[in-house]
1. Under the 0.36 nm per residue contour assumption, what length would be gained going from the current alpha-carbon distance of E209 and S165 to full extension?
2. Could you count how many Lys pairs in the chain have their Cα atoms under 18 Å apart, skipping same-chain pairs fewer than 8 positions apart?
3. Local charge sum around A222 (other residues, Cβ-Cβ under 10 Å, Lys/Arg +1, Asp/Glu -1)?
4. Mean Kyte-Doolittle hydropathy of 0.5 or higher plus an axial Cα length of 24 Å or more: which whole DSSP H helices in the chain meet both?
5. So how far apart, in nm, are the two label points at A232 and I310 if each is 7 Å from Cα heading toward Cβ?
6. Evaluate E = 1/(1 + (r/R0)^6) for S326 and V87, where r is the Cβ-Cβ distance and R0 equals 41 Å; express this FRET efficiency to the nearest 0.05.
7. Between T147, S192, N206, whose Cα lies farthest towards the positive end of the dipole of segment 145-283 when Lys and Arg beta carbons carry +1 and Asp and Glu beta carbons carry -1, centred on the Cα centre?
8. Using per-residue counts of other Cβ atoms within 10 Å, averaged over each peptide, order 131-142, 274-285 from highest down.
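No value in this document is a laboratory result; all are computed from the given coordinates. Everything numeric here is computed off the predicted structure, so don't read it as measured data. Reconstructed Cβ throughout: ideal geometry from the backbone, glycine too, with neighbour counts over all protein chains shown.
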Amino acid sequence: MPKIAVLTSGGDGPGMNAAVTSVARNAAYYGMPLIGIKRGYNGLLGLSDNIEDDVFEMNLDTVLDLADLPGTYLRTARCTQFLDPKVREGAAKRLKEMDVAGLVVIGGDGSFRGAQQLCRLGIPCIGIPGTIDNDLAYTEMTLGYDTAVNADMEAVRSIRATSRSHDRPALVEVMGRNCGDIALSTAEATGSEIVIVPEMPWSVENVAERLNKLIASGNTRATIVVAEGAYASMQPFDVYSYLKPYSGEIFEGEQMNARLLARTLKYMCHAEVRATVIGYTQRGCQPTARDCSFAFEAGNMAVVLLKNGIGNQVIGTRNNRTFHTSIDTALSETRNFKESLYNLINSL
């Protein structure tokens with residue numbers, strides 16, 4: 001049976017280890033030797049002093065206890081060198097020298113573009129969408145997204161409890177660089193009153209107006225959920241000039257962030273708005289059942305495709321079913337943001 005390899009690339013996320021374990025279990029079932037590649041595409045470049053720090057033979061003893069662990073056992077890293085065509089050619093040559101007949105790539109759109117280029121160099125690749133942001137349009141769900149939303153939901157619930165106790169609004173920043181799905185789902189699941197996302201233009205003044213109306217109506221513990229990348233879609237606002245009269249609030253050159261937005265709203269709304277950045281806890285949680293189930297099915301499908309000599313495919317979910325499509329098709333699709341739901345949350 002052909003030898004295959006697996007790597008995790010880009011940002012780490014819950015469920016990556018579950019996917020690697022599924023690939024290993026299915027490879028063993030079909031009698032296919034498996035190579036683990038460390039630190040994403042960097043492992044294909046032979047950058048380490050010891051070859052075992054780049055690639056190693058995987059077996060069930062290596063991975064069986066990894067499935068429920070957060071993070072990625074194979075490690076991950078960005079690899080800017082892989083943008084160089086000559087570097088990619090060298091990586092493809094190295095895979096062929098190792099008799100690797102196919103590669104499973106677990107990562108986001110950047111990782112898929114690397115896989116797409118390897119396919120053009122004769123290396124069949126299968127992509128599993130490992131990115132908590134849920135920013136791949138071809139699939140309804142990416143690996144780690146469900147876990148991230150659940151982590152944020154629990155955090156917001158805890159924050160709302162103390163907000164009620166103190167009659168104090170809360171601003172909660174969640175992950176989502178270019179995609180507001182985590183923020184939107186978190187706000188929907190927790191009954192948050194305001195959500196701010198990268199896809200929709202917004203202004204500080206409008207958010208303050210909305211919060212003032214909520215406070216005036218008796219809602220003194222409203223929650224604002226903001227995606228980390230939403231500041232890019234903010235309408236111009238001179239936060240330095242606004243906060244400068246309040247000593248110690250801001251340094252010249254600082255850009256808008258969760259802390260400064262909460263401070264600005266504090267003075268605009270005359271309320272003790274407190275900011276919480278949930279941060280990397282979203283990546284470091286144990287994966288949920290939904291993420292683990294998807295990882296299991298995706299790992300199986302990836303191995304079966306490579307076993308049958310099929311490459312240039314990515315795996316996703318549609319209508320709660322696992323499916324595969326070409327990398328080219330997946331990367332060409334555009335996301336449809338749920339604007340109606342966004343407007344509903346910001347109106348109730």
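1. Working it through step by step, the gained length comes to 13.5 nm.
2. Close lysine pairs found across the chain: 10.
3. +4
4. Helices meeting the span and hydropathy rule in the chain are 289-307.
5. 3.4 nm
6. With R0 = 41 Å, the Cβ-Cβ based efficiency is 0.95.
7. Among T147, S192, N206, the one farthest towards the positive end of the dipole of segment 145-283 is S192.
8. Top of the packing list down: 131-142, 274-285.
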